[in-house]
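In what follows, a single structure is set out as C-alpha cells and then discussed.
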Amino acid sequence: MGEDAGEPPPDCVTETVASDEANYWSTVNYSVAPYRNYHFFQQFRTSPSNPNNFLKGVKWSPDGSCFLTCSDDNTLRVFNLPYDDNGESVNPPSMADSDSYAANLVVSEGESVYDYSWYPYMSASNPDLCVFATSTRDHPIHLWDANSGQLRCTYRAYDAMDEISAAFSIGFNPNGDKIFAGYNKTIRVFEVHRPGRDFVQYSTVTENKEGQSGIISSIAFSPVHSGMLAAGSYSQTTAIYREDNMEMLYVLHGQEGGVTQVQFSKDGNYLYTGGRRDPYVLCWDIRKNTEIVYKLYRSCEGTNQRIQFDIEPLGRYLGTGGQDGMVHMYDLQTGHWVSSFQAALDTINCVSFHPYYPMAATSSGHRRYGALDEADGDDRLSGDENCVSIWSFYPSTST
C-alpha cells in the first residue's frame, strides 16, 4: 500500500459522494419489492473437497465497484459490477440454470475464514488501495490484493506457546491506518504499514475480573469519527471503547445469545447489535447506555449461524435476513416493520446495501447435516438456495 493509504479522501470528494448518495437512495420505495439484477449460485456449489458448501456472507467494497463473498469452502470471491463504455450498469445475458457472470477473483484460504474486511478507502482507480483483510483459523491476518489475488502482507499474533493466534474478528479504523483484531478477552491493534508481529495488546477484562469476557466476535467503529468503537463478545455483551487508548466506557447487557454483529447508526448516536440464536436486533442509544430503545425481529432462533444485517446509506432503514428466506426492512426512527421480500428459498445470512446506488446484495445458505448422495448432491439445491443475488430498488412514484 502507498504511503498515503491511511489518508481520508478530500472534503470535496466526500461532499460529492454524500450528495450522490442522497439523490439515489432518497427515491427508494420500500413498499415495492426490488427486482433481481444479478444472480449467482453455480460457483458456490459443492465439490468433492467440500460436499456441504454454503455462503457465509457478502460485502460491498467501499467504492461500490465490486462485492466480496465468503463461503464455507474457505474461499473468497470478488465480483465486479459490469458497466458499459458509458459507465452504466448492464445486465449480462443469463440463463435460468447458470450464473449471471463469473467471479473476477478467487482467493483460497487454508482454513475456515472467521472474518473479512475491506480497506475503508478502497478505490478501483487506485491499485495500491484495492485490498481486503481476512482472519482465518490457525493463520495470521492476511492482507490481499483485490485485483491480483496476491498476498500483500500478514499481521501475526502469538500466544504464550509462541504459536500463531488467530483473530476471531477484524476491522480497520476509520483513518485506515490500524487493524483492530478481536481475540479471547483481548483486542490487539496492528499498524497497517507495519506488517509482522508488532502490535499493541489490550485486555478487555480488568484485574478485578470486571469488563468484557469471552471471545471478541465483532468490531465496529463510529462513522462520525467520534473516536469510539464497539466490540461484541460471545459472552453476550457489547462494550464501547475509546479508540485512542482502548479505555472501556461501558458494557451493554441484554443479548440472549453471543453477539455476532455490532453496527453504529449513521449519526453515531445509536448502536445495533445481533446475536447467535437471538431473534432480535437490539437498538441502543449510546448516550443513554442502560436501556434498549427497541427490538427488531428476525427469524434465527434455530441456527448458530451469523445473520448479518445492514443499514442503508441514508441511515433511515435497516435490512436483515433470517431463516425464513425473507429480507425484512425496518424504519430506524420508529423501530417499526416496513416491508419484506422473498430473497431466497434458504436462510438469508447477510444483507449488504450498496454505498451509493439503490441496490443491495444478499447471500443465502446454511450447513446441511447428513451425507450428500453423489448421484444427486447438487440437484438437491435449487438456484434460489445457497446463492448470492443483487437487487435494485424501485424509485418512489412521488419523486
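The values are calculated or read from the model by the stated rules, or taken from the named source; none is laboratory data. In this text the structure is predicted, and so the values were computed from the model without any measurement. Note that we place each Cβ from the backbone using ideal geometry, even for glycine, and neighbour counts take in every protein chain shown.
In segment 352-367, the residues that are among the basic types (Lys, Arg) and at pLDDT below 95 reach residues that are part of a loop (DSSP other than H, G, I, E, B) and crowded, with 21+ Cβ neighbours inside 10 Å with C-beta atoms within less than 7 angstrom, at least six apart or across chains, in these pairs: ARG367/PHE54. Restricting attention to segment 199-238, the residues being within 22 Å of THR290 (Cα to Cα) and among the charged types (D, E, K, R) number 2. Of the residues making up segment 283-320, those that are under 25 Å from VAL28 (Cβ atoms) and among the aliphatic types (A, V, I, L, M) are VAL293, LEU296, ILE307, ILE311, LEU314, LEU318. Do the conditions hold for ASN245, that is, is it free of Cβ contacts under 8 Å to residues at least 40 places away in the same chain, of a type outside the set (A, V, I, L, M) and closer than 21 Å to ASN304 by Cβ? No; evaluated as a whole, the condition is false for this residue. With respect to GLY257, determine if the residue is touching a residue at least 40 places away in the same chain (Cβ under 8 Å), outside any strand (DSSP E or B) and either in contact with an Asp or Glu (Cβ under 9 Å, 6 or more places away or on another chain) or surrounded by fewer than 21 Cβ atoms within 10 Å (Cβ to Cβ) (or both). Spelling it out, it is not the case that GLY257 is touching a residue at least 40 places away in the same chain (Cβ under 8 Å), outside any strand (DSSP E or B) and either in contact with an Asp or Glu (Cβ under 9 Å, 6 or more places away or on another chain) or surrounded by fewer than 21 Cβ atoms within 10 Å (Cβ to Cβ) (or both). Residues of segment 324-357 that are of a type outside the set (Gly, Ala, Ser), over 18 Å from the mean Cα position of the chain (by Cα) and part of a loop (DSSP other than H, G, I, E, B): ASP324, LEU332, GLN333, THR334, LEU345, ASP346. Criterion applied to TYR116, TYR121 was being closer than 27 Å to VAL262 by Cα, out of contact with any Asp or Glu (no Cβ under 9 Å at 6 or more places or on another chain) and modelled with pLDDT of 95 or more, and the one residue passing it is TYR116. Kindly establish whether PRO313 is buried (at least 18 other Cβ atoms within 10 Å of the Cβ) and touching a Pro at 6+ places or on another chain (Cβ under 7 Å). Taking the combined requirement at face value, the residue satisfies it. When every residue of segment 71-89 is checked against the conditions, at least one turns out to be modelled with pLDDT of 95 or more, closer than 23 Å to LYS178 by Cα, buried (at least 19 other Cβ atoms within 10 Å of the Cβ) and not β-branched (Val, Ile, Thr).
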